[in-house]
Amino acid sequence: MNRFEYIRPVTVSEAVAAGAAPGSTYLAAGTNLLDLMKGGVTRPVQLVDITRLPGLDRIEHLEDGGVRIGALVRNADLAHDPAFARRFPSIAEALLSGASAQLRNAATAGGNLLQRTRCAYFYDTASACNKRHPGAGCDAIGGDNRLHAILGWSEHCIATHPSDFCVPMTALDAVVEIEGPQGRRAIPLEQFHRLPGDNPERETVLDRGELITAIRLPPEAAAFAPHARYLKVRERTSYAFAVVSAAAALRFEGDVIAEARIALGSVALTPWRPRSAEATLAGARPDAAAFRHAADAALADARPSGDNAFKIELARRIVVRALTLAAAGTPARMPALPASPFAGVMTHA
Amino acid sequence: MPEIALTQAPAHVRMGSSIGQPLTRREGVLKTTGAARYAADHHPPGMAYAALAVSSIARGRVVALDVAAAKDHPGVIAVMTPANAPKLALDPDAKLHPFMFRLDVLQNDKVRYANQPIAVVVADTLEAATEGAALLAPRYETEPARVGLDGHERFAPQAVGAGRPAEESHGDVEAGLASASRRIETVYETPGQYHNAMEPHAIVAAWDGDTLTIDTPSQGMAFAQDRIAGLFGIEPTAVHIRSPFLGGGFGSKGLISGPQILGIMAARLVGRPVKLVLQRAQMYGPVGHRAPTRQTMRLGADDQGRLTALSHHVHTATSAFDDFVEPAATVSHALYASPAIRTSHEAVRIDTGTPLFMRAPGEAPGSAALESAIDEMAHASGMDPLRFRLANYADVEPISGNPFSSKALRQCYEQGAERFGWSRRPLAPRQMRDEAGMLVGWGMGTATFPAIMFEGHARAVLRRDGTGIVELGAHDMGQGAWTALAQIAADSLGLDLGRIEFRSGTSDLPDAGIAGGSAHTATAGMAIHGAGADVIARLADLATGDSRSPLFGAGNAGVIARGGRLFRRDNEAASESYADILSRAGRDVIEGHGSGRVDPAAQAAYAMHAHGAVFAEVKVDPDFGQVRVTRLVGAFAAGTIVNPHMVRSQYLGGMIWGVSFALHEQAVTDRRSGRVMNANLADYHVPVNADVPSIEAILVEERDIHVNALGIKGVGEIGVTGTAGAIANAVWHATGVRVRSFPITLDRLIEP
Amino acid sequence: MSLSITLTINGTTRAVALDDPRITLLDLLRERLDLTGTKKGCDRGQCGACTVLVDGRRVNACLALAISHDGAEILTIEGVAQGDQLHPVQAAFIAHDGFQCGFCTPGQIMSAIGMIAEGQAGSDPERVREAMSGNLCRCGAYLGITEAILDAQHAIETSGRKDAA
C-alpha cells in the first residue's frame, strides 16, 4: 500500500472540497478500496475518511412512501431494517446474498455502487487493462474470460460490475443523490454506471470530488413488495460473486401483470436493465411462455466476449426463474440461503 | 531454547486416557483462546519485517529493479537482490537426493515461474517492507511462457511421486481388452490445485553467530534442519526449529521452501531477527501445488461385469527445472481385481513452480478418474455401481498378488450403503427430483490409501515420582498429534495421561519423521511405543532382579505395566509401583529410546492399505447447473483408531477436500503469461460452511496385526480419495451428463 | 508522522500512537499490540481468519484502517474468556472438535459470537451455515463448527433465562 495523506472531515462540504483535490479518494468502510490499495491497483495520494460525516448513516422512510438510504448505511443494517426488508424484499435478499456477514457489517450502500469490477486482469497489475491505464489494451480479451460480459461490452473492456445490491435497486428505479463542488444533483442509478465504450476508465458519471450522499427509492418501488425476488447463480453455495444474477419484480392487477421490472447482474459493466423485456410483460399473464419471451428480449443483444457463451443461455434461464419466483410471491421469511437456487430446500440438521 | 507449552493447564486434561478414547484436543484451550502461538505470532526484540517481491513473468530474467525507490521509502533497511544476497554454501539447485527440491533464493537473476521471489525488502515495519517491495518495479527480459499440458515434448519420468516407477503392469492389458465383452475408453482432466493452508508460510529467523533459531511451520523439522544446514554451511544441530502449531500443511510445509530460506538470508543480511510472511497470492508459485493431469482410462469387462483389463495413463506436468510427477495412476494397482492392469505416466516441462505432494498426492486425482471410470463401466454393464465394485473386489493386491494385511472394505461398503440408503437408488440417471424440482443424484466411490511408515525416534523418561516424560520432534498440523501421540505415550509407560509430560514440536527433540503420507501417527506412535517399552523393560529388570521386590524372579513370566505399577503377568496380586522400584534402586530416572519404522518382512509379505466407501447425494439445478452436495456418508477402515474424535475429523476434512476437488478448486493460468489469475481465496474457491450441509463419517472396526505393533494405518488422506469420484458419479446420476473435467462447474452442466 | 487514536480493546481503553496511517486494525493488533490471536489468512477479506468485533459487530480486521476506527470498541479472541472460564462458544468448539489446525479458529469463534448477537440465524443449522460462510476452514471442520455454535447458542439462551429468573 502506498503512503497517503489521511484526513477526516466533519462536514460534507469539507469532504467535497478535499475530495476534489487530485489523487484524492473517499474512504468509507474500505472493504473494496483497501483490497485494491493492497494490490497496488489504486494508489491514492489522499484518503478522505467520510465515515464521520453526520447524517449519512440513516435510513429515512419518507412521507411519500419512498426511502432514502444514507450513503454510509451498512449493508447488514439496511437488509435487517424490518420496514425496509418488508417493503423492498428483493433488495434485502440481494444484500444478504453478497459477500460475507463480516463484509456486510462493514460495507456501505454508497461504497457498494462504487465497487470495482472483479476482472482478474484489472486486479493483476502486470496485465494490460484499459481501466487502469487507458490505451494499454485489454488482456481479458483472449485470456481467461469465462465469467466476463455478454452485454454492453466493447473491444476495450469486457469486465462486469459485481454488485448484487445495485441489481434490484436499478430495477426499482433507485436515484443516486450526489453532492459535489458544483452543488447537489440526483441521477437515476440506471444512468450512474457507464458502459465501457472507448473510455472504460470512466466507470461512473461522478465528476471529481463528487460524493454519493444517499440513494433514494421512489414510493412506487414498494408496490412490488409482494412479488419481488433476487436470484443469484454462484460457483459455491455462499460467499461468491454471481456468475449471473437477476432481480425480478412484478405488480399485478387481477391476474395480469401490470408492470414488470427486471435487472441482470454480472452480465455487463453496469447493472443491466432490459426495459424492452419488461415491456413484453405489461398486460401479460404470468406464464412460462411470457417469461421466456421476456428473457429472450432481455438477452436479444447479448453476445459472448470470450469463452462465456454459456452465460447467455444461463441469463435467459435466470430471468425466467426469477420472474417465476416473483410471480409465486415473496416468501414470508427471508430464505435461509438468500437468492440461492437452493433457497429453502435444505432441512438437514 | 525456551520450553514450548503445547497444551493448556492440566485442569482441562481428562484423566485415565489410553488408546481408543475420544479425548478432546489437548491444545484445545490454547487454540480457542488465541494463546497458541503460530510462527508469525512471534516477535523477538529488534525484529525487522521482510516482504517478498515476486516475478510477474513466468520465464526470462530480471534486468532492472528500482532499488533506490525502495530504499527511499522511510523505514526500509535493506533490499536483498541477487547483487547482495548472502552466498550459500550449497548451490540451491543441487539435488543430492530426490527429496531435495531446487529453490529460488536470489542466487541469480533468472525467472523460472510466475510468483518466483526476485527480491526481498527488509524494513522496520510491515507497511514499509510491503510498499518497498512494490516500489521495485521490476523490468524483465521475457521469454515465452510454456503453459498447459499441450504443445510441449512429453517425456517418461524416472519415477513418480516418492519414487514409484512411472510404468507398472501385470497381465496383458491389450489381450484383456480384446477379450472383453464391453470396453470403455474415457479421458478425465483435473486442474492445477494449490494447498492453500489457512496459515501462509511464515518464518521468524534469528541468528546468533552461526546458530540459527527459527519459528516456522514444518511438517518435517529434521529434513528442514538438514536442508538449512547444507545451504548455510552450518551443523544441523545449530539449527533450532520451533513448530508447535501449523496452520495447516497438506504437504506444502513438508519441505522447507524458498521463501522461508529467504527469511533466514534476510536475517543474516541485516543482522537482526526477521519475520517474513507470504502474502496469499505469493503462495501460488514457490511453495508447491498439485499439477494438472489428463488421465486416459481403458477398461474392459466380461458379461458378468468382471474387469478383464484396466489401463490408466497419466499425462501431467512438472516444472522446467525440477521433477515431481503426480503419481496419479498408481491407485489403479491397489483397488480392483483385474487379470491385467497397466499404469503409465508421462510429463511435460512447463514454466511453473515445481509441483509437490498435496494431500493424497496421486490418489486424489487418480481416484477421481478411476472411480468415475468404474462408474461408467458399471453403467455400461447395466449394473449397480456397488454391485459392480463388489464383483471386482480384490482379495489380494492386484499388482503384487500379496494378501492384504487387513481389509475391511466389504464392511465399509455395507455400513456406508446401509446408512446412506443406497439400496433405494434407481439404476438409471435423472430419475430423482426433490420437492423443489432439483435434480437429485446418488453416487459412490471407493476410498483407498497406502499404509506406510517413515522412520522416527522418541525418548521416554520415567521419574522417581512415578511421572513420565515422552518427547520427540513430532508435528501437529491439525491432525491431532498432540492428543493421539500423548495417548500412545501414556499407554507406552503404563501411566494415566495426567501423569506424563508430552513434549514435541521442536527440532531439538528426537527426529519423529515427516508428517506426511498419512504415516505420522504410525511412525511417531511406534517410536513412542518403543521408547515406553524400553523404559518398562529397564524398570522390570530392576524389579525382577531385586530380591526385595515382590516381582523378584518374574523375569520369565514377565510383567505388565499399568497405572504406574508393574504386575506379575502370571499373578497380578504381586505388583509394585514405579516409584517404589526407582526409589529402592536409588535411581532418579530411567530413560528409554524407541524407533518406528516399517517391518520389511511384513511389508514384503503383505499389501498394506486403508480402505473406505463414500456415498454422495447431490442436488443440481436443472436449468442453471449449480450443484450442491446435500449428503455425504463415508465409512472407513484404517486399523487401530487411537482417538475416534480426531480420526473422525480427519475423515470429514478429507471428504470436504473431495467436495472441493469435485466442484470447486482449480487454478486458472493465463495461457499467454503463465500467471495464475485467481491467486486469491475469493476466486480460487474452496468449500464454505454452506457447501457442506450434511456429512458423516463411520469408523469401521478393523484390526491389523501386520502393519505395525499398534495396528495403526493412517487416516489423513484417505477421505479425499473416493469422495471426488462419488460426487462426480452423483452428478451424472442426477443429470445424465458425464462431466470428465474437474472441477464440475455449472457451465459444463448447462445444456444449450 | 504520528497519529494518535483511542481504542477500547478487550475492555481496556488506551491511547494508541499510529506511526503510519496505512496500518490496518489487524496489523495493529498483531504487530504492535501483541494480540496475535487474531490471524491473517488472506489480508483481503476473503477468508475471515481476522474476524474481530468492532462496536459489537463482526468485521474483517484486515480491511479496516486503524486510524479510521478512532474511538471504537474492539473485542478480540483474547478478550472472550473470563479468566479461566471459557466462553460457551469456545468450550463448544473444543467439545465438538470444531477445528483442526486452529488457525481459522479465533476468526470462527469471533464470527460465531457476532452471529449469535445478530440473532438472525436462530436454531436453524442451514442459517448458521450460511451466516458462517465468511469464515473458511481449509481443514474442513465445518460440521463441528456448526454443531458447536448451535450448542453454545442454546447454552447461552438457557443461562440467560436462568439469569433473568
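Taken over the stretch B:49-68, the criterion of being within 34 Å of the chain's Cα centre (by Cα), within 18 Å of B:Glu131 (Cα to Cα) and in a strand (DSSP E or B) is satisfied by B:Tyr49, B:Ala50, B:Ala51, B:Leu52, B:Ala53, B:Val54. In the set C:Gly98, C:Gly140, C:Gly134, C:Gly160, only one residue is away from chain A (no Cβ under 12 Å), within 23 Å of C:Asn10 (Cβ to Cβ) and not in a helix (DSSP H, G or I); that residue is C:Gly98. Summed over the stretch B:696-734, the residues that are farther than 21 Å from B:Ala522 by Cα and either among the aromatic types (Phe, Trp, Tyr) or surrounded by fewer than 24 Cβ atoms within 10 Å (Cβ to Cβ) (or both) give a count of 2. Cβ-Cβ under 6 Å, sequence separation 6+ or interchain: first residue in the stretch B:636-659 and surrounded by fewer than 24 Cβ atoms within 10 Å (Cβ to Cβ), partner of a type in the set (Gly, Ala, Ser). Which pairs? Final answer for the pair search is B:Thr640/B:Gly711; B:Arg648/B:Ala697.
Within the stretch A:246-260, being touching a residue at least 12 places away in the same chain (Cβ under 8 Å) and out of contact with any Asp or Glu (no Cβ under 6 Å at 6 or more places or on another chain) holds for A:Ala246, A:Ala247, A:Ala248, A:Ala249, A:Leu250, A:Phe252, A:Asp255, A:Val256, A:Ile257, A:Ala258, A:Glu259. Would you mind stating whether B:Val105 is closer than 22 Å to B:Lys275 by Cβ and either outside any loop (DSSP other than H, G, I, E, B) or within 11 Å of another protein chain (Cβ to nearest Cβ) (or both)? In short, no. The set of residues from the stretch B:207-218 being part of a loop (DSSP other than H, G, I, E, B) and surrounded by fewer than 24 Cβ atoms within 10 Å (Cβ to Cβ) comprises B:Gly209, B:Asp210.
Whether any residue in the stretch A:139-150 is under 30 Å from A:Ser340 (Cβ atoms) and away from chain B (no Cβ under 14 Å) is what I want to check. Looking through the stretch A:139-150, at least one residue is under 30 Å from A:Ser340 (Cβ atoms) and away from chain B (no Cβ under 14 Å).
Looking only at residues of the stretch B:734-752 that are of a type in the set (D, E, K, R) and not in a helix (DSSP H, G or I), we find that the one that is nearest to the other protein chains (Cβ to nearest Cβ) is B:Glu751. Of the residues making up the stretch B:678-691, just one is crowded, with 24+ Cβ neighbours inside 10 Å and farther than 22 Å from C:Ile145 by Cα, namely B:Ala679. Of the residues making up the stretch B:596-637, those that are in a loop (DSSP other than H, G, I, E, B), more than 10 Å from chain A (Cβ to nearest Cβ) and more than 22 Å from the chain's Cα centre (by Cα) are B:Asp599, B:Tyr606. Can you tell me which residue among A:Glu235, A:Glu278 is in a loop (DSSP other than H, G, I, E, B) and within 22 Å of A:Glu313 (Cα to Cα)? Exactly one of A:Glu235, A:Glu278 is in a loop (DSSP other than H, G, I, E, B) and within 22 Å of A:Glu313 (Cα to Cα), namely A:Glu235. Within the stretch C:101-117, track down each residue that is more than 7 Å from chain B (Cβ to nearest Cβ) and hydroxyl-bearing (Ser, Thr, Tyr). The one that is more than 7 Å from chain B (Cβ to nearest Cβ) and hydroxyl-bearing (Ser, Thr, Tyr): C:Ser111.
Put simply, of B:Thr640, B:Thr669 the only residue that is more than 23 Å from the chain's Cα centre (by Cα), hydroxyl-bearing (Ser, Thr, Tyr), within 29 Å of B:Gly248 (Cα to Cα) and at pLDDT 95 or above is B:Thr669.
Residue-by-condition table, conditions (1) out of contact with any helix residue (DSSP H, G or I) (no Cβ under 7 Å at 6 or more places or on another chain); (2) crowded, with 18+ Cβ neighbours inside 10 Å; (3) closer than 29 Å to A:Pro196 by Cα:
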site: A:Ala309; (1), (2), (3): yes, no, yes
site: A:Arg317; (1), (2), (3): yes, yes, yes
site: A:Arg333; (1), (2), (3): yes, no, no
site: A:Ala336; (1), (2), (3): no, yes, no
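Restricting A:Leu47, A:Leu53 to residues that are crowded, with 17+ Cβ neighbours inside 10 Å and out of contact with any strand residue (DSSP E or B) (no Cβ under 7 Å at 6 or more places or on another chain) narrows the list to A:Leu53. Would you call C:Ala131 surrounded by fewer than 24 Cβ atoms within 10 Å (Cβ to Cβ) and either farther than 18 Å from A:Leu103 by Cα or of a type outside the set (D, E, K, R) (or both)? Answer is no for this residue.
In the stretch A:231-268, the residue that is nearest to the other protein chains (Cβ to nearest Cβ) out of those that are among the aromatic types (Phe, Trp, Tyr) and closer than 30 Å to B:Pro687 by Cβ is A:Tyr239.
Checked against the criterion of being modelled with pLDDT of 95 or more, surrounded by fewer than 21 Cβ atoms within 10 Å (Cβ to Cβ) and within 14 Å of chain A (Cβ to nearest Cβ), the candidates B:Pro86, B:Pro92, B:Pro82, B:Pro74 yield just one match: B:Pro74. Test B:Ile514 against the stated conditions and say whether it is β-branched (Val, Ile, Thr), in a loop (DSSP other than H, G, I, E, B) and within 26 Å of the chain's Cα centre (by Cα). So B:Ile514 fits the description; yes. For the stretch B:267-286, a residue qualifies if it is more than 14 Å from every other protein chain (Cβ to nearest Cβ) and either touching a Pro at 6+ places or on another chain (Cβ under 9 Å) or not hydrophobic (A, V, I, L, M, F, W, C) (or both), and the qualifying residues are B:Ala267, B:Arg268, B:Leu269, B:Gly271, B:Arg272, B:Pro286. Applying a threshold of 6 Å to beta carbon distances and a minimum spacing of six or more residues, or different chains, the list of pairs starting in the stretch B:315-330 at a residue that is polar (S, T, N, Q) and ending at one that is part of a loop (DSSP other than H, G, I, E, B) and surrounded by fewer than 20 Cβ atoms within 10 Å (Cβ to Cβ) is empty.
Counting only strands (runs of 3 or more DSSP E) that fall entirely inside the stretch C:1-88 and contain at least 1 residues that are facing another protein chain (nearest Cβ under 8 Å) and closer than 25 Å to A:Tyr6 by Cα, the qualifying elements are C:3-9, C:51-54, C:57-60.
Residues of the stretch B:128-135 include at least one that is over 30 Å from B:Pro191 (Cα atoms) and touching a Phe, Trp or Tyr at 6+ places or on another chain (Cβ under 7 Å). Mind checking whether some residue in the stretch B:536-551 is closer than 30 Å to B:Gly478 by Cβ and either among the hydrophobic types (A, V, I, L, M, F, W, C) or in a helix (DSSP H, G or I) (or both)? No, the stretch B:536-551 has no match at all.
One residue is enough: does the stretch B:225-243 have a residue meeting the conditions acidic (Asp, Glu) and in contact (Cβ under 8 Å) with a residue 60 or more places away in the chain? No: the stretch B:225-243 contains no residue that is acidic (Asp, Glu) and in contact (Cβ under 8 Å) with a residue 60 or more places away in the chain.
Quick grid of which residues meet (1) surrounded by fewer than 24 Cβ atoms within 10 Å (Cβ to Cβ); (2) more than 22 Å from A:Ala225 (Cα to Cα):
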position	(1), (2)
A:Ala289	yes, yes
A:Ala294	no, no
A:Ala297	yes, yes
A:Arg303	yes, yes
A:Arg321	yes, no
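The values are calculated or read from the model by the stated rules, or taken from the named source; none is laboratory data. For clarity, every value in this text was computed on a predicted model and none was experimentally measured. Backbone-built Cβ (ideal geometry, glycine too); neighbour counts: all protein chains shown.
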